[in-house]
């Protein structure tokens, strides 16, 4: 029976630990980990979804983000926290970065090659697409205004299947009366988004060449946040990186094609 353990690292970084085997996999979650108000139930639900993509015999740590990010919060801050956790608590590991988490995962692999055995970037790259960057800027604006309805509207068509987009819009509509209960504080959301929006990833990408870990990039050809050009550029700059693109899929690839994504990831990790 799979075991789940919740807790915090460094007294402020929430995590869910899945399983009790060896050879750990550390997951840096997407932006939903700080956009929504964190609860044990939500963290466990996210962890179960992510665990379906990974080998069941290995220990998995799904990390969240600082519950009270300081001023000047950045990708460097996140990398500093994760590197400390790996050195003091977990040890060298395979690292999976999902969406937003891919920025930190890639930088971690470049700055701390002794801690990252394998690197997987899931629906992520070293920079946003132009469309994705504009969306992040709008999200920051809406979050500052406390306009969570328009904030969530930025995610209105993220699924490939129309019926899933319909369900997503229905869910957002049902949540409207209590959005301020389910969404995180505006300042926390903005600091999280600024952590990546404030980086000039596209201007100097030479740091990717410092990555020595075996690398897999899994993406979708219709992802509005990370386009094919960005993912291909990331793959070219990381020596020996493998790129697996799913045609016609979107940013929700890990949800809509979970079984196929799991096969790709597990084959790579073997």
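The values are calculated or read from the model by the stated rules, or taken from the named source; none is laboratory data. Note that this is a predicted model, so its numbers are computed, not measured. All Cβ positions, even for glycine, are placed from backbone atoms using ideal geometry, and neighbour counts span all protein chains on display.
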Looking only at residues in region 16-32 that are within 21 Å of residue 255 (Cα to Cα) and surrounded by fewer than 23 Cβ atoms within 10 Å (Cβ to Cβ), which one is modelled with the highest pLDDT? 17
Given (1) in the same structural domain as residue 96 (by TED's automatic domain parsing); (2) farther than 20 Å from residue 37 by Cβ; (3) at pLDDT 85 or above, identify the lone condition not met by residue 138. (1)
So is residue 218 modelled with pLDDT under 85, within 28 Å of residue 54 (Cα to Cα), buried (at least 17 other Cβ atoms within 10 Å of the Cβ) and in contact with a helix residue (DSSP H, G or I) (Cβ under 7 Å, 6 or more places away or on another chain) or not? no
For region 12-58 the number of residues that are more than 17 Å from the chain's Cα centre (by Cα), farther than 23 Å from residue 194 by Cβ and not in a strand (DSSP E or B) is 13
If the requirement is being more than 15 Å from the chain's Cα centre (by Cα) and within 29 Å of residue 230 (Cα to Cα), which of these qualifies: 68, 93? 93
Six or more apart or on different chains, Cβ under 6 Å: which pairs go from a residue in region 64-78 that's within 20 Å of residue 27 (Cα to Cα) to one that's surrounded by fewer than 19 Cβ atoms within 10 Å (Cβ to Cβ) and modelled with pLDDT of 90 or more? Could you list them? 66/12; 67/12
Looking at 234, 264, 215, which is the one that is within 17 Å of the chain's Cα centre (by Cα), closer than 16 Å to residue 119 by Cβ and part of a helix (DSSP H, G or I)? 234
Looking for something in contact (Cβ under 8 Å) with a residue 60 or more places away in the chain, outside the structural domain of residue 140 (by TED's automatic domain parsing) and at negative phi - is there at least one such residue anywhere in region 38-46? yes
Being assigned to a strand (DSSP E or B) and assigned by TED's automatic domain parsing to the domain that holds residue 197 is the requirement here; does residue 114 meet it? no
Taking residue 223 and the conditions (1) part of a helix (DSSP H, G or I); (2) at pLDDT 80 or above; (3) in contact with a helix residue (DSSP H, G or I) (Cβ under 9 Å, 6 or more places away or on another chain), which numbered condition does it fall short on, given that it satisfies the others? (1)
If residue 107 satisfies every condition in (1) surrounded by fewer than 22 Cβ atoms within 10 Å (Cβ to Cβ); (2) over 20 Å from residue 265 (Cβ atoms) but one, which is the exception? (1)
If I filter region 67-82 down to residues being touching a helix residue (DSSP H, G or I) at 6+ places or on another chain (Cβ under 8 Å) and over 19 Å from residue 139 (Cβ atoms), which single residue comes out as surrounded by the fewest Cβ atoms within 10 Å (Cβ to Cβ)? 71
